[in-house]
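**Q** My structure is below; once you've seen it, I'll send some questions.
The values are calculated or read from the model by the stated rules, or taken from the named source; none is laboratory data. The structure displayed is predicted, hence computed values, not measured ones. Positions of Cβ are backbone-derived with ideal geometry, glycine not excepted, and every protein chain shown enters the neighbour counts.
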């Protein structure tokens, strides 16, 4: 029978889903049927459903237990007393792909007082040498990096099979030893995890270095473009180095070009970049986590893997965290050979981690207890994270009782729902002669498969074999990875099919209280018959739509297995079972809780039933992402860090004083509201009426200046007594014409006299005088730098005498601030008031002020009448405003507030004033902030003169 005829026979085969029921025992679903020894620890797959629990339905007595390991651990504890390891703000357990992201983001952030957080990373493995680990094949042979292994034993009929699961111990984690394939998955599928697609895209953008991939136009909606200016320099945090291994169609040999056309016949389109769309659906190249070996490296597109030879492996620790260790500006520490024993709790609050320092499980050198002021984050992977949770008292209470571990939080889903990518390979022989010297071994003989760095056509397909809808959003069920080689002098194509959304689930069982004892893994691949059905569908789709296509007919494919297997479903199912393999992409053992489904963490990765404890690794994924798991692990780390920092910022900003959320001014016992009212251009009854409305609406911060000539009017409004003076935060500014030690002191006194009250904050209005008609202060003879230093001494005198509570500057650039700080002020610079908005974000100034703990106040947030409201009508602003259900003005003000920058908009309209104050109780997402970003070529300031030009 010919190939087309047999393919027609295959088309009608189906397999019914496994039976299930919602109770333990109904009719034939009895204890013997569901809990027999032959089913292992997860029970008969035919009994499985979301409610079935082996512990609930089958009991504890069959779970493996190792009391001898308990005794060994008790002996270790008796010989090594716990020592105090010190206190950190955050403790991150695990220095792999996710943990390195979390730790680096936290360490690179700042506390409310401007100091960096103290971050400790605990890693059970050792430091890894990235140069030795760079080869995508040979790295995996470094067995010490994979120690210790967890074995899973399963059987198919009489045939026993053993798989070894190993964790990538060491700094960099599994990314230090894997094959460097970097796939996001379909970004839309993360919606099912409780994560907005826009936030997922934004997170991936921030993780990856700016994109430059010659040969195609980068999709700016999905990648971070190169900034204007010097090559490789980015105004944002650095990203991980990636290389796109993807040939254009015309760059491929004929057989591969025709193969792409055959895939297009089954609605799998060719694309160069798998990450340039909301879905990864399609066929083409792949990203790899490798770079060019220096910090300014940018991603490039290569048509062949062999062209990437020598590019170093790129891990999140190398790219995001390593520079923090040597930075005196950061308080970041990584401790290796540190095995987490358990998380320490005070009630339900995580307060630290107990750790064994050991070069091997048999040689514990020291035991330490580290304290965490803020949070503990577990990022130890699918096998270790549930074990640490269990040892810490977070698991099924019956299982904790069995281990004699006190319950901290009842969490029956811990260790359950283990799932994995499994797959198999189909080999197609061709009539294409191998190129001379292609895939030769050292003895000169040809080999079936060469090393992965020798591929001619680096091609991957992602598709839905069961419901193959072109461009469909959401998860995909099948990956097809092409490996080519030579056999008997002719090219062979090996199609490795990977089941991306397996329905089979397994579970881990903690066997001992000894943290060095590996858990037992109970997992039987393909136990759920739906998995066999999907693989059968994928195989059928390849045979029908690709191998039998007219495009590939000239190459005379000889495919194994043959049609005698494919044409008989029973034979095909047996062949699938016999040839299945796993790909070390496990997920699910501490999964996110979803509606109607139990879980361990919420969508912000906080462990349910506890405080100050999170999980950030692939164990949180309730379903496998449609791709390899390294990039999704990094995503989990990024979103975890964003959630932590966002919550901290809210806690700090939302500390209420009169006038709403406020911020502590560094070096002074003063809290300043973050919402104010700018009075430039307001005089007489206009300013009095405006302030009356402002106070009635709850506003309390007033910004004025001697140059505004409205002090007496503001003083009268304050004296009217509509609000107590102690609730009002009053700012004024001293012009450069009155700089000098005595002159500035006198100017402050005059401002106080005109206002009839003390000042909460006084600022130097400009770093120098731009008005050529204005008289020069006497100090200008010695230069404006001298003037600024003398003026500061005059303000310090006024502060010491109680005329003003805090001191700052206005319109000072980095150079002016640097000089003033170098001139040795006795009191700190608390504030810098400058023009700041999305079109003039002043990133360098922002960074400098954060490092020096100088609070920013933004003026010009809403643009100016000079532009006729153009900023408020900006398409980006209008788009975000519609998305969040707010006005453009509120979006622009929130842009600043969300970055901890105070705002002082001006408006005499009560409605506008009320609108400008309503900028709390809602957030702009990371994607919203990204949409408001203006890149250097389009940046502009609105107000003149430019203070950077001041001498």
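**Q** Is it the case that residue 652 is out of contact with any helix residue (DSSP H, G or I) (no Cβ under 8 Å at 6 or more places or on another chain), surrounded by fewer than 15 Cβ atoms within 10 Å (Cβ to Cβ) and at pLDDT below 95?
**A** no
**Q** Could you check the stretch 166-190 and list, in sequence order, the residues that are more than 16 Å from residue 617 (Cα to Cα), surrounded by fewer than 22 Cβ atoms within 10 Å (Cβ to Cβ) and in contact with a strand residue (DSSP E or B) (Cβ under 7 Å, 6 or more places away or on another chain)?
**A** Within the stretch 166-190, 181 is the sole residue that qualifies.
**Q** Looking at (1) within 15 Å of residue 764 (Cα to Cα); (2) surrounded by 21 or more Cβ atoms within 10 Å (Cβ to Cβ); (3) touching a helix residue (DSSP H, G or I) at 6+ places or on another chain (Cβ under 7 Å), which one does residue 861 not meet, given that it meets all the others?
**A** (1)
**Q** Then there is this: Checking the conditions here, which among 599, 609 is touching a strand residue (DSSP E or B) at 6+ places or on another chain (Cβ under 7 Å), assigned to a loop (DSSP other than H, G, I, E, B) and surrounded by fewer than 19 Cβ atoms within 10 Å (Cβ to Cβ)? Can you show your working first?
**A** Working: 599 fails: surrounded by fewer than 19 Cβ atoms within 10 Å (Cβ to Cβ).
One residue alone meets the criteria, 609.
**Q** Among the numbered conditions (1) surrounded by fewer than 22 Cβ atoms within 10 Å (Cβ to Cβ); (2) at pLDDT below 90; (3) farther than 23 Å from residue 481 by Cβ, tell me where residue 250 comes up short.
**A** (3)
**Q** From the residues in the stretch 490-535 that are over 31 Å from the mean Cα position of the chain (by Cα), in a loop (DSSP other than H, G, I, E, B) and at pLDDT below 85, which one is surrounded by the most Cβ atoms within 10 Å (Cβ to Cβ)?
**A** Among them, the one singled out is 527.
**Q** OK, next. So is residue 584 assigned to a loop (DSSP other than H, G, I, E, B), more than 30 Å from residue 718 (Cβ to Cβ) and more than 21 Å from the chain's Cα centre (by Cα) or not?
**A** Numbers: assigned to a loop (DSSP other than H, G, I, E, B): yes; more than 30 Å from residue 718 (Cβ to Cβ): yes; more than 21 Å from the chain's Cα centre (by Cα): yes.
It is true that residue 584 is assigned to a loop (DSSP other than H, G, I, E, B), more than 30 Å from residue 718 (Cβ to Cβ) and more than 21 Å from the chain's Cα centre (by Cα).
**Q** Quick one: what pairs do we get from the stretch 774-785, first residue surrounded by 15 or more Cβ atoms within 10 Å (Cβ to Cβ), second modelled with pLDDT under 90, C-beta under 6 Å, 6+ apart or different chains?
**A** 784/951
**Q** Counting only residues that are in a loop (DSSP other than H, G, I, E, B) and touching a residue at least 12 places away in the same chain (Cβ under 8 Å), which one in the stretch 540-556 is farthest from the chain's Cα centre (by Cα)? Walk me through it before giving the result.
**A** Here is the first cut: in the stretch 540-556, the residues in a loop (DSSP other than H, G, I, E, B) are 548-552, 556.
With touching a residue at least 12 places away in the same chain (Cβ under 8 Å) added as a condition, the list becomes 548-549, 551-552, 556.
Working: 548: 43, 549: 42, 551: 42, 552: 42, 556: 47 Å.
Across the stretch 540-556, the extreme among qualifying residues is 556.
**Q** Inspect all residues belonging to the stretch 557-575 and state whether any of them is under 19 Å from residue 475 (Cα atoms), touching a residue at least 40 places away in the same chain (Cβ under 8 Å) and in contact with a helix residue (DSSP H, G or I) (Cβ under 9 Å, 6 or more places away or on another chain). Steps first, please.
**A** Taking the stretch 557-575 as the starting set, the residues that turn out to be under 19 Å from residue 475 (Cα atoms) are none.
Taking every residue of the stretch 557-575 in turn, none turns out to be under 19 Å from residue 475 (Cα atoms), touching a residue at least 40 places away in the same chain (Cβ under 8 Å) and in contact with a helix residue (DSSP H, G or I) (Cβ under 9 Å, 6 or more places away or on another chain).
**Q** Check off (1) outside any helix (DSSP H, G or I); (2) crowded, with 23+ Cβ neighbours inside 10 Å for residue 770 and give me the number that stays unchecked.
**A** (2)
**Q** Quick one: residue 615 ticks every box in (1) modelled with pLDDT of 90 or more; (2) over 22 Å from residue 396 (Cβ atoms) bar one, so which box is it?
**A** Checking residue 615 against (1) modelled with pLDDT of 90 or more; (2) over 22 Å from residue 396 (Cβ atoms), the one that fails is (2).
**Q** Has the stretch 47-56 got any residue that is at pLDDT 65 or above and in a helix (DSSP H, G or I)?
**A** Applying the first criterion (at pLDDT 65 or above) to the stretch 47-56 yields 47.
Okay, now just the ones that are also in a helix (DSSP H, G or I), so 47.
Yes, the stretch 47-56 contains at least one residue that is at pLDDT 65 or above and in a helix (DSSP H, G or I).
**Q** Considering each residue of the stretch 65-115, count those that are buried (at least 18 other Cβ atoms within 10 Å of the Cβ), assigned to a strand (DSSP E or B) and either out of contact with any helix residue (DSSP H, G or I) (no Cβ under 8 Å at 6 or more places or on another chain) or free of Cβ contacts under 8 Å to residues at least 12 places away in the same chain (or both), and give that number.
**A** 3
**Q** Return the residue satisfying two criteria in turn: it lies in the stretch 299-343 and is assigned to a loop (DSSP other than H, G, I, E, B) and modelled with pLDDT of 80 or more, and of such residues it is surrounded by the most Cβ atoms within 10 Å (Cβ to Cβ).
**A** Of the residues in the stretch 299-343, the ones assigned to a loop (DSSP other than H, G, I, E, B) are 299-300, 303-304, 309-312, 314-315, 326-330, 336-337.
With modelled with pLDDT of 80 or more added as a condition, the list becomes 314-315, 330, 336-337.
Working: 314: 27, 315: 33, 330: 19, 336: 18, 337: 21.
Out of the qualifying residues, it is 315.
**Q** How many of the residues in the stretch 257-279 are within 11 Å of residue 552 (Cα to Cα) and either in contact with a strand residue (DSSP E or B) (Cβ under 7 Å, 6 or more places away or on another chain) or not in a helix (DSSP H, G or I) (or both)? So that I can check it myself, show each step before the final result.
**A** Applying the first criterion (within 11 Å of residue 552 (Cα to Cα)) to the stretch 257-279 yields 257-263.
Now drop any that are not either in contact with a strand residue (DSSP E or B) (Cβ under 7 Å, 6 or more places away or on another chain) or not in a helix (DSSP H, G or I) (or both), which leaves 260, 263.
The qualifying residues number 2.
The rows are residues; the columns are (1) modelled with pLDDT under 90; (2) closer than 17 Å to residue 316 by Cβ; (3) crowded, with 21+ Cβ neighbours inside 10 Å.
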position: 192; (1), (2), (3): no, no, no
position: 203; (1), (2), (3): no, yes, yes
position: 217; (1), (2), (3): yes, no, no
position: 227; (1), (2), (3): yes, no, no
position: 240; (1), (2), (3): yes, yes, yes
position: 243; (1), (2), (3): yes, yes, yes
position: 246; (1), (2), (3): yes, no, yes
position: 268; (1), (2), (3): no, no, yes
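**Q** Continuing with the same structure: Quick one: would you say residue 420 is under 26 Å from residue 572 (Cα atoms) and modelled with pLDDT of 85 or more? Before the answer, list the steps.
**A** Values: under 26 Å from residue 572 (Cα atoms): yes; modelled with pLDDT of 85 or more: yes.
Criteria met by residue 420.
**Q** Looking at the stretch 882-900, which of its residues are under 27 Å from residue 847 (Cα atoms), in contact with a helix residue (DSSP H, G or I) (Cβ under 8 Å, 6 or more places away or on another chain) and buried (at least 17 other Cβ atoms within 10 Å of the Cβ)?
**A** Residues of the stretch 882-900 under 27 Å from residue 847 (Cα atoms): 888-900.
In the following step, the residues that additionally are in contact with a helix residue (DSSP H, G or I) (Cβ under 8 Å, 6 or more places away or on another chain) were identified as 888-893, 895, 897-900.
Selection gives 888, 889, 890, 891, 892, 893, 895, 897, 898, 900.
**Q** Let me ask something additional. How many residues are within 16 Å of residue 123 (Cβ to Cβ) and in a strand (DSSP E or B) if we restrict to the stretch 365-401?
**A** Here the count works out to 7.
**Q** Let me ask you something else. Which residues, taken from the stretch 787-840, are farther than 21 Å from residue 758 by Cβ, touching a strand residue (DSSP E or B) at 6+ places or on another chain (Cβ under 8 Å) and not in a helix (DSSP H, G or I)? Reasoning before the result, please.
**A** The first filter runs over the stretch 787-840 and keeps only residues farther than 21 Å from residue 758 by Cβ, leaving 787-790, 811-824, 832, 834-840.
From what's left, touching a strand residue (DSSP E or B) at 6+ places or on another chain (Cβ under 8 Å): 788, 811-812, 816-817, 820, 832, 834-837.
Matches in the stretch 787-840: 811, 812, 832, 834, 835, 836, 837.
**Q** Search the stretch 173-194 for residues being closer than 22 Å to residue 420 by Cβ and part of a loop (DSSP other than H, G, I, E, B), and hand back the single one that is nearest to the chain's Cα centre (by Cα).
**A** Result: 184.
**Q** Related question: Here is a list of conditions, (1) at pLDDT 95 or above; (2) part of a helix (DSSP H, G or I); (3) over 47 Å from the mean Cα position of the chain (by Cα), and residue 780 meets all of them except one; can you say which number that is?
**A** Of (1) at pLDDT 95 or above; (2) part of a helix (DSSP H, G or I); (3) over 47 Å from the mean Cα position of the chain (by Cα), only one is false for residue 780: (1).
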